[in-house]
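A short worksheet on the structure shown next.
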Amino acid sequence: MQSSLATSDNRLKIAVQKSGRLADKSFALLERCGLTFSRSKDKLFCYGRNVPVDVLLVRDDDIPQLLVDGVCDLGIVGENVSEEQRLVRSARGDTADYTTLKKLSFGTCRLSLAIPEFQEYTGPASLEGKRIATSYPGLTNQYLKENGVSARVVHLSGSVEIAPSMGTADVITDLVSTGTTLRANHLKEAEVIMRSTAVLLQSASPLDEGLEPVLKRLLARIDGVLEAQESKYVMLHAPADRVAEIRRILPGAESPTVLKLEGNDDRVAVHAVCRETVFWEHLEELKEAGASAVLVLPVEKMLA
Ligand code: ATP
Ligand code: ZN
């Protein structure tokens, strides 16, 4: 990804959230891809020092529009925002000219229907005629339509969870990760409408000249970072005649390296990269298969 790759001053522009739940992790992902930046005085523009890639720090809700307008080439937002804006735009007759390039590993949450804690929930039909407060009218209306329910959607831009106690709505749909905010407002989760993680979006506008290889390398590095996050390097000692069994237990492992142990012909050292999460249960199974001295190490970087 040397700057020489870009034939002119053209630079790839990525929009990420300025502050909020996705901000630090989005920026950290780009830094883990080896990108370094100089920040503008207002701290809203980050100039890529070692690659022709710049970052714009904005409100997450503005990112889809920046992609539609071709102001930015890439953007990181929650699927909830990406899909909501797609629905709202298409209801207005506008196009949503962006595509999802990758699901990322952070920003996990769900858009859920929540109702007052002492109310009984008997399914979507019980929402008939109710007032539903939400910041996600597009996704909420789509859910109601899919379930053949007619209800009034009240659009609020924030503090949706207080709407039932204020009397401005009967129930809400809102983003939930732990459910603590709902409980604090005497609400309970009744239904999950959508599961969401952060995604990398790409504008449908063509990339400026020379940027295709820059994008390709950035995507390969993002894949490497995501894979390294999941992967672990496992080292253990095992009975020489049980290596095949050990290999089957190791989650997502390719051919392991098998090494001789000095002064011991019965046991060998097995080293393997596991590309799936290694749980305690796996370690216990390995032990039962005769493994000892099991070490699980993080993987810093990975290039396929
Ligand atoms: P902005 O000022 O940029 O508009 P915001 O208030 O809309 O910020 P945040 O609350 O920072 O946004 O959430 C950003 C994204 O983080 C959400 O759109 C969602 O994808 C994700 N997220 C993960 N967990 C949660 C959660 N518990 N509540 C809200 N959003 C969550
Ligand atoms: Zn927002």
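From Glu128, Glu84, Glu120, which residue is within 17 Å of Ser157 (Cα to Cα) and out of contact with any strand residue (DSSP E or B) (no Cβ under 8 Å at 6 or more places or on another chain)?
Glu84
I'd like to verify a number: residues in the range 12-27 that are assigned to a helix (DSSP H, G or I) and away from ligand 2 (no atom under 12 Å from the Cβ), how many?
Residues meeting the conditions: 4.
Whether any residue in the range 209-218 is buried (at least 16 other Cβ atoms within 10 Å of the Cβ), outside any helix (DSSP H, G or I), outside the structural domain of Ala23 (by TED's automatic domain parsing) and touching a strand residue (DSSP E or B) at 6+ places or on another chain (Cβ under 7 Å) is what I want to check.
Within the range 209-218, not a single residue is buried (at least 16 other Cβ atoms within 10 Å of the Cβ), outside any helix (DSSP H, G or I), outside the structural domain of Ala23 (by TED's automatic domain parsing) and touching a strand residue (DSSP E or B) at 6+ places or on another chain (Cβ under 7 Å).
Restricting attention to the range 77-92, which residues are buried (at least 21 other Cβ atoms within 10 Å of the Cβ) and more than 10 Å from ligand 1 (Cβ to nearest atom)?
Glu83, Gln85
Can you name the number of the only condition in (1) surrounded by 15 or more Cβ atoms within 10 Å (Cβ to Cβ); (2) closer than 19 Å to Val16 by Cβ that Tyr121 fails?
(2)
Restricting to the range 178-187, name every residue that is loosely packed, with under 13 Cβ neighbours inside 10 Å and under 20 Å from Leu139 (Cα atoms).
None; the set is empty.
Would you confirm whether or not the range 96-110 contains a residue that is more than 13 Å from ligand 1 (Cβ to nearest atom) and at positive phi?
Within the range 96-110 (the criterion being more than 13 Å from ligand 1 (Cβ to nearest atom) and at positive phi), the answer is no, since none of the residues qualifies.
Restricting to the range 60-76, name every residue that is more than 10 Å from ligand 1 (Cβ to nearest atom) and either free of Cβ contacts under 8 Å to residues at least 24 places away in the same chain or acidic (Asp, Glu) (or both).
Gln65, Asp69, Asp73
Let's see how each residue does on (1) within 29 Å of Arg217 (Cα to Cα); (2) outside the structural domain of Leu218 (by TED's automatic domain parsing); (3) free of Cβ contacts under 8 Å to residues at least 24 places away in the same chain:
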residue: Arg267; (1), (2), (3): no, yes, no
residue: Val270; (1), (2), (3): no, yes, no
residue: Cys274; (1), (2), (3): yes, yes, no
residue: Thr277; (1), (2), (3): yes, yes, no
residue: Leu283; (1), (2), (3): no, yes, yes
residue: Glu288; (1), (2), (3): no, yes, yes
residue: Ala291; (1), (2), (3): no, yes, no
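Among the residues in the range 131-139, are any at pLDDT 95 or above, exposed (fewer than 13 other Cβ atoms within 10 Å of the Cβ) and out of contact with any helix residue (DSSP H, G or I) (no Cβ under 6 Å at 6 or more places or on another chain)?
Of all residues in the range 131-139, those at pLDDT 95 or above come to 131-139.
From what is left, the residues that are exposed (fewer than 13 other Cβ atoms within 10 Å of the Cβ) are none.
Looking for residues that are at pLDDT 95 or above, exposed (fewer than 13 other Cβ atoms within 10 Å of the Cβ) and out of contact with any helix residue (DSSP H, G or I) (no Cβ under 6 Å at 6 or more places or on another chain), one finds none in the range 131-139, hence no.
Which members of the range 167-191 meet the condition of being assigned to a loop (DSSP other than H, G, I, E, B) and either within 21 Å of the chain's Cα centre (by Cα) or within 13 Å of ligand 1 (Cβ to nearest atom) (or both)?
If the condition is that a residue be assigned to a loop (DSSP other than H, G, I, E, B) and either within 21 Å of the chain's Cα centre (by Cα) or within 13 Å of ligand 1 (Cβ to nearest atom) (or both), then Ser177, Thr178, Gly179 are the ones that fit.
Output the residue which, of all residues in the range 188-208 that are of a type in the set (Ser, Thr, Tyr) and buried (at least 19 other Cβ atoms within 10 Å of the Cβ), is nearest to Leu127 (Cα to Cα).
Top of the filtered list is Ser196.
Go through the range 1-30 and report how many residues are at pLDDT 95 or above and away from ligand 1 (no atom under 16 Å from the Cβ).
Matching residues across the range 1-30 total 4.
Would you check which residues across the range 227-246 are crowded, with 18+ Cβ neighbours inside 10 Å, hydrophobic (A, V, I, L, M, F, W, C) and outside any strand (DSSP E or B) and list them?
Once the filter is applied, which keeps residues that are crowded, with 18+ Cβ neighbours inside 10 Å, hydrophobic (A, V, I, L, M, F, W, C) and outside any strand (DSSP E or B), the range 227-246 yields Ala228, Ile246.
Collect the residues in the range 45-82 that are more than 12 Å from ligand 2 (Cβ to nearest atom) and in a loop (DSSP other than H, G, I, E, B), keeping them in residue-number order.
Of everything in the range 45-82, those that are more than 12 Å from ligand 2 (Cβ to nearest atom) and in a loop (DSSP other than H, G, I, E, B) turn out to be Arg49, Asn50, Val51, Pro52, Asp69, Gly70, Val71, Cys72, Asp73.
To keep it simple, each residue is scored yes or no on (1) under 35 Å from the mean Cα position of the chain (by Cα); (2) closer than 30 Å to Leu12 by Cβ.
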position	(1), (2)
Glu227	yes, yes
Glu230	yes, yes
Ala238	no, no
Val243	no, no
Ile246	yes, no
Asp265	no, no
Glu281	yes, no
Leu295	yes, no
Leu303	yes, yes
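The values are calculated or read from the model by the stated rules, or taken from the named source; none is laboratory data. Just so it is clear, the structure is predicted and the values come from calculations on it, not from any experiment. Counting neighbours? That spans all protein chains shown, and the Cβs are built from the backbone with ideal geometry, glycine included.
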